[in-house]
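Inspection log for the structure reproduced underneath, given as structure tokens.
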Ligand SMILES: [Zn+2]
């Protein structure tokens with residue numbers, strides 16, 4: 001079985017040459033790929049990754065349609081796009097229905113790029129609708145290196161959302177919350193809340209990551225890289241170096257993701 005990367009980004013070929021340098025400058029980080037789908041596929045081949053979930057982020061309400069159309073164009077057995085809408089969009093509920101009707105598996109939201117706090121009341125009808133439609137919600141959690149350190153998506157707020165919407169299929173990124181791992185340990189670790197691994201190995205360190213992965217329910221862990229912001233092949237190799245028990249490793253690297261995405265291997 002090839003692995004599943006639950007957190008990647010890509011852009012339309014016409015946009016990538018502008019988007020990547022802009023994001024590199026904003027985040028102070030170098031991309032490992034040029035941002036095109038063809039490059040992502042090549043990287044997947046090199047890393048032994050069978051499927052990548054491609055997360056889009058609408059930074060303005062007007063981007064909904066172009067993101068949706070592009071998501072339709074790129075989807076394939078190996079590319080699972082998650083479209084996005086902007087929380088300030090007047091017709092959010094309708095947009096969620098469209099995403100569902102078009103057959104997508106879920107939605108990506110980002111509290112920093114989309115200017116919200118995850119536990120704000122105005123977000124609740126959005127979560128409710130996503131929950132009702134049975135869509136996945138990949139939510140950026142923790143701090144973001146491209147933004148000031150405001151507590152927009154910290155573990156305590158995430159837990160509040162999970163309690164309010166117990167059936168919402170929420171996937172936290174960066175092992176529960178980037179660079180907020182002490183809080184993750186006290187509020188999220190050990191609970192039945194999905195976490196993907198991107199940007200944890202390099203920042204939290206191997207020993208701690210391993211400790212986290214072994215403490216958390218193994219059915220709720222997913223492999224993610226945040227490609228092109230890290231190298232998929234390197235990330236797979238780093239995961240291998242953790243020497244996790246085979247059964248847990250296989251769950252993290254693909255089995256859990258296939259179940260969530262309802263894909264039969
Ligand atoms: Zn990301």
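Can you give me the C-alpha center-to-center distance between segment 191-265 and segment 1-76, rounded to a whole angstrom? Cα centroid of segment 191-265 versus Cα centroid of segment 1-76: 20 Å apart.
With contributions of -39500 (n - 2.57) from each DSSP H run of at least four residues, the per-residue ellipticity at 222 nm computed over the chain stands at -11000 deg cm²/dmol. Model label sites at residue 88 and residue 25, defined 7 Å from Cα along the beta-carbon direction, differ in position by 2.2 nm. The fewest-to-most ranking of 152, 75 by surrounding Cβ atoms within 10 Å reads 75, 152.
Note that segment 1-154 carries a Kirkwood radius of 16.2 Å, evaluated over its alpha carbons pair by pair.
Taking the convex hull of the alpha carbon positions in segment 152-265 and averaging its projected area over all directions gives 7.1 nm².
Summarising the label geometry, the points placed 7 Å from Cα in the beta-carbon direction at residue 203 and residue 102 lie 2.9 nm from one another.
Once the Cβ-Cβ distance of residue 262 and residue 73 is raised to the sixth power relative to R0 = 22 Å, the FRET efficiency obtained is 0.50. Pair-distance distribution of segment 140-217: all C-alpha pairs, bin width 5 Å, starting at 0; shares per bin in whole percent are 3, 17, 30, 27, 15, 7, 1.
For segment 69-146, rounded, prolate or oblate, judged on the Cα gyration tensor with a ≥ b ≥ c (square roots of eigenvalues), a/c < 1.5 rounded, else prolate if a/b > b/c? Show your work: numbers first, answer last.
Details: a/c = 1.94, a/b = 1.29, b/c = 1.50.
Since a/c reaches 1.5 but b/c is at least a/b, the shape of segment 69-146 is classed as oblate.
Taking only the Cα atoms of the chain, the ratio Rg/Rh comes out at 0.92, with Rh defined as the Kirkwood radius.
Across segment 56-95, Cα-Cα distances exceeding 12 Å account for 55% of all pairs.
Each label point was placed 7 Å from the Cα along the Cα-to-Cβ direction; for residue 128 and residue 38 their separation is 4.7 nm. For the pair segment 87-102 / segment 108-161, the C-alpha centres are spaced 16 Å from each other. Among 123, 44, the order by Cβ neighbours within 10 angstrom, fewest to most, reads 123, 44. Taking the number of Cβ atoms within 10 Å of each Cβ as an exposure proxy, the fewest-first ranking of 4, 236, 54 is 236, 54, 4.
Just so you know, all these numbers are worked out from the coordinates, no wet-lab data involved. Fair warning: this is a prediction, and the values are worked out from it, not measured in the lab. Cβ sites come from the backbone with ideal geometry, for glycine too, and all protein chains shown count toward neighbours.
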